[in-house]
Amino acid sequence: MTITIRGISELKGNLMLAIFDKSDGFGNEDYACEKMVIKVDSKNQEIELSNLITGKKYAIALYHDVNCNQRLDKNILGMPLEKYGFSNDVRSTFGPPSFESAAFIYSQEKKTSITIK
């Protein structure tokens, strides 16, 4: 599976990617079934995943950890100061979107690919 991240504004820091396979804890990386740290070296990056299960539902959350402190920096009101995104490019007004709105069914045969802006 290929995940394409587009529109990275700063060529520094890391992309912190979390893959979830259930709704419980979606958006909280402590509940992720897999986590990855990818060094930012391009404004558009591709990430390959090979250990997903065909037919299973997944959702992805990520943020650009510009300062490499391994957390999504927020302002005093709790609004993110660093860029973030979710599979299906879903957005929510307050907090992360629902797992269902970001979810996709992985298919090895159809070569599932996800683009996040």
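Restricting attention to the stretch 86-112, the residues that are under 18 Å from His64 (Cβ atoms), in a helix (DSSP H, G or I) and either among the aliphatic types (A, V, I, L, M) or open to solvent by less than 50 Å² (accessible area, probe 1.4 Å) (or both) total 2. Going by what's in this entry, would Val90 be described as within 16 Å of Leu11 (Cα to Cα) and at pLDDT 90 or above? No. The one condition from (1) buried (at least 17 other Cβ atoms within 10 Å of the Cβ); (2) in contact with a Phe, Trp or Tyr (Cβ under 6 Å, 6 or more places away or on another chain) that Lys56 does not meet is (1). The set of residues in the stretch 22-51 being open to solvent by less than 50 Å² (accessible area, probe 1.4 Å), free of Cβ contacts under 8 Å to residues at least 60 places away in the same chain and in a loop (DSSP other than H, G, I, E, B) consists of Gly25, Ala32, Val40, Ser42, Leu49. Can you confirm whether Lys12 is charged (D, E, K, R), at pLDDT 95 or above, over 20 Å from Asn88 (Cα atoms) and open to solvent by 60 Å² or more (accessible area, probe 1.4 Å)? Yes.
Output yes when any residue across the stretch 38-58 is touching a Leu at 6+ places or on another chain (Cβ under 9 Å) and within 18 Å of Ser98 (Cα to Cα), and no when none is. Yes - at least one qualifying residue is present in the stretch 38-58. Taking the criterion of being touching a residue at least 40 places away in the same chain (Cβ under 8 Å), among the β-branched types (Val, Ile, Thr) and in contact with a helix residue (DSSP H, G or I) (Cβ under 9 Å, 6 or more places away or on another chain), the only residue of the stretch 52-101 that qualifies is Ile60.
The values are calculated or read from the model by the stated rules, or taken from the named source; none is laboratory data. These numbers were taken from a predicted model, which means no experiment stands behind them. As a convention, Cβ positions derive from the backbone with ideal geometry for all residues, glycine included, and neighbour counts pool all protein chains shown. Each accessible area value is taken on the protein alone, full model and side chains, heavy atoms only, with ligands, DNA and RNA left out. Shrake-Rupley method; radii C 1.70, N 1.55, O 1.52, S 1.80 Å.
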